[in-house]
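Rule-based calculations on the coordinates, nothing more; no lab input. Predicted model only: the values in this text are computed from it and were never measured. Every residue, glycine among them, receives a Cβ derived from its backbone with ideal geometry; neighbour counts consider all protein chains shown.
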Amino acid sequence: MSGKVCDSGVLMPVDEAIRHLLDQAPPPPPVQRVGLDQALARVLVADILCPMNLPAWDNSAMDGYALRAADLPGDGYLLLGGRIAAGDEPGEPLQAGHVVRIFTGAPLPPGADTVVPQESCRVDGERVWLPSVNGGDHVRKEGEELRRGDRLLEAGTRLRAQELGLLAGAGVGQVDVYRPLQVGLLSSGDELREPGEPLAPGQIYNSNRHSLAALLRGWGVEVHDFGVMPDQLLASRQALRLAAAECDVLITSGGVSVGEEDHLKQAIEALGSIDLWRLAIQPGKPLAFGDVEGKPWIGLPGNPSAALITALIVVRPFLFHAQGMRDVLPVPLQLPAGFDWLKRNRRRQYLRARLVPDANGHLCVELHPQQSSAMLTAACWADGLAVVECEAQLHKHDKVLYLPFAELMH
């Protein structure tokens, strides 16, 4: 890409920008073998095959009574012949005309093929009355979830609580995963101050540092916070060089818009390369990509909502891909719009929105009235983003694409 893009008046489609970034993502970090207690949000290096049948044996799905279905052609009584709890061995084969008291998770005795829930039965001394049954009811069959040798999880999977539980249930205690991506975060601007510090005229608090760091940690990367780069060429070069030496990827906010002081741009060019893009995205538009001493660098806009949304939409798939993930793009929902949006825009718009029930109790997408790129209030009110394509209009009840924050931020 050419550094002239930002000044040409041409807007790069968002999807094209994401494809360019994915094509230039670095290879995944080195491999580590870790225990399950350290594997949350890590990415699997290779497929994992199931080492055993799941379940390992036929077991009861209910507290009740295990029997041979053929012994009970209709409702009636069978003799009580024992008791099996979870953790017990299955014991002797079930005698004809008998049932065994059984508890959830307990193995079925040899010969039993059906379980009747206890609330459907009536105990009468040494006999148990049972209703008519269908063979196989309430039994978890050996291997019905997975057979030994089946793929348990595939390479490129980012491990969540449910994957960790599945691994543990299959007896897998350690996994090969990629080392967490090391991301250097820097802010640009002499006007920035930290919360709690006094503000002089013209100064503002550095919200991007905290919102972006929180996003990155939620994505499972390790954040190296290098603070604010002074608007001086030498100081910017020193900060960037230090970050590049310690990190896999660098992310900055501010300093990439047309007309801004160009200390950051000059520092990047002195240490690597820079492409300035004008994206067809709102909020946002100015985005920079390049490298600093061989490490990928992404420059985000400085306005807080623009930085947040550009990170969610553009940076997130890049970082996930660089961590070894395969499926990195979010899948939007398609829901009725609870609003009219009639002003056409040459940029794809990501509007701060949330889901609310309509008059019939069905979910629809509601917009916050304030969509400024400089304000975070709407993002705090929202639980996701409504996507309006370039030059599109929407009327109330039309379908609109919706991206939940619950997916984008984790």
Seminar exercise, completed: Scoring only Lys, Arg, Asp and Glu (+1, +1, -1, -1) among other residues with Cβ under 10 Å from the Cβ of Gly384 yields 0
Exercise. Can you list the HN-Hα couplings for region 326-341, worked out from phi with the Karplus curve (6.51, -1.76, 1.60; θ = phi - 60°), rounded to whole Hz and with x for Gly and Pro?
Worked result: 9, 9, 10, 9, x, 9, x, 7, 10, 9, x, 7, x, 8, 9, 9
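Restricting things to Cα coordinates, could you compute the convex hull volume per residue of region 64-105 in Å³?
68
Under a Cβ-Cβ cut-off of 12 Å, what is the net charge of the residues other than Pro283 that fall near it, where Lys and Arg count +1 and Asp and Glu count -1?
With Lys, Arg at +1 and Asp, Glu at -1, the neighbours total +4.
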Seminar exercise, completed: For the chain, whose charge dipole is built from +1 on Lys and Arg Cβ atoms and -1 on Asp and Glu Cβ atoms, the candidate among Ala379, Gly81, Pro286 with its Cα farthest towards the positive end is Pro286
Exercise. Say the dipole of the chain comes from +1 at the beta carbon of Lys and Arg and -1 at that of Asp and Glu; which of Pro117, Ser273, Leu363 then lies farthest toward its positive end?
Worked result: Ser273
Problem set entry | Sequence ranges 157-170, 270-283, 375-388, 85-98, ranked by mean other-Cβ count within 10 angstrom, highest first | 270-283, 375-388, 157-170, 85-98
Exercise. Taking a temperature of 25 °C and a viscosity of 0.890 mPa s, what whole-number D in µm²/s does Stokes-Einstein yield for region 161-293 with Rh from Kirkwood over alpha carbon pairs?
Worked result: 146
Exercise. What is the spread of the Cα atoms of region 244-354 along each of their three principal axes, largest first, in whole Å?
Worked result: 49, 37, 19
Problem set entry | Rh by Kirkwood over Cα pairs, then Stokes-Einstein D for region 59-140 at 1.002 mPa s and 20 °C, µm²/s | 179
Seminar exercise, completed: For Gly272, other-chain or 5+-apart residues with amide H closer than 5 Å (H placed, Pro excluded) are Glu293
Problem set entry | Projected label distance in nm at Glu389 and Glu194, using a 7 Å step from Cα toward the beta-carbon | 4.7
For this session: Mind putting a number on the dipole of region 285-410 about its Cα centre? Charges go on the C-beta only, +1 for Lys and Arg and -1 for Asp and Glu, and I need it in Debye to the nearest 20.
Result: 280
Problem set entry | Dipole magnitude (debye, nearest 20) for region 59-140, charges at Cβ of Lys, Arg, Asp, Glu | 20
Problem set entry | Lysine pairs within the chain, Cα separation less than 28 Å, 8 or more sequence positions apart or different chains | 11
Problem set entry | Taking all pairs of distinct alpha-carbon atoms in region 333-408, Kirkwood radius in angstrom | 12.5
Exercise. Tell me, what ³J(HN,Hα) does each residue in region 271-281 have, in order and in whole Hz, if you take phi through Karplus 6.51 cos²θ - 1.76 cosθ + 1.60 with θ = phi - 60° and put x for Gly and Pro?
Worked result: 9, x, 9, 8, 10, 9, 10, 10, 8, 7, 9
Problem set entry | Gln118-Asp23 pseudo-label distance in nm [points 7 Å out on the Cα-to-Cβ vector] | 6.5
For this session: Could you pull out the chymotrypsin sites (Phe, Trp or Tyr not before Pro) across region 1-93 that fall in loop regions by DSSP (anything but H, G, I, E, B) with no more than 13 other Cβ atoms inside 10 Å?
Result: Trp57
Seminar exercise, completed: With label points set 7 Å from each Cα along the Cα-to-Cβ direction at Glu269 and Asp75, the distance between them in nm comes to 8.8
For this session: With N denoting the number of residues in the chain, provide Rg(C-alpha) divided by 2.2 N^0.38 Å, to two decimal places.
Result: 1.36
Exercise. At 4 °C and 1.567 mPa s, what whole-number value in µm²/s does Stokes-Einstein give for the translational diffusion of region 79-125, with Rh from the Kirkwood sum over Cα pairs?
Worked result: 117
Exercise. Do you know the relative contact order of region 177-228, to the nearest whole percent, from alpha carbon pairs under 8 angstrom that are 6+ apart?
Worked result: 54
For this session: Let me know the whole percent of all Cα-Cα pairs from region 86-220 that are separated by more than 28 Å.
Result: 56
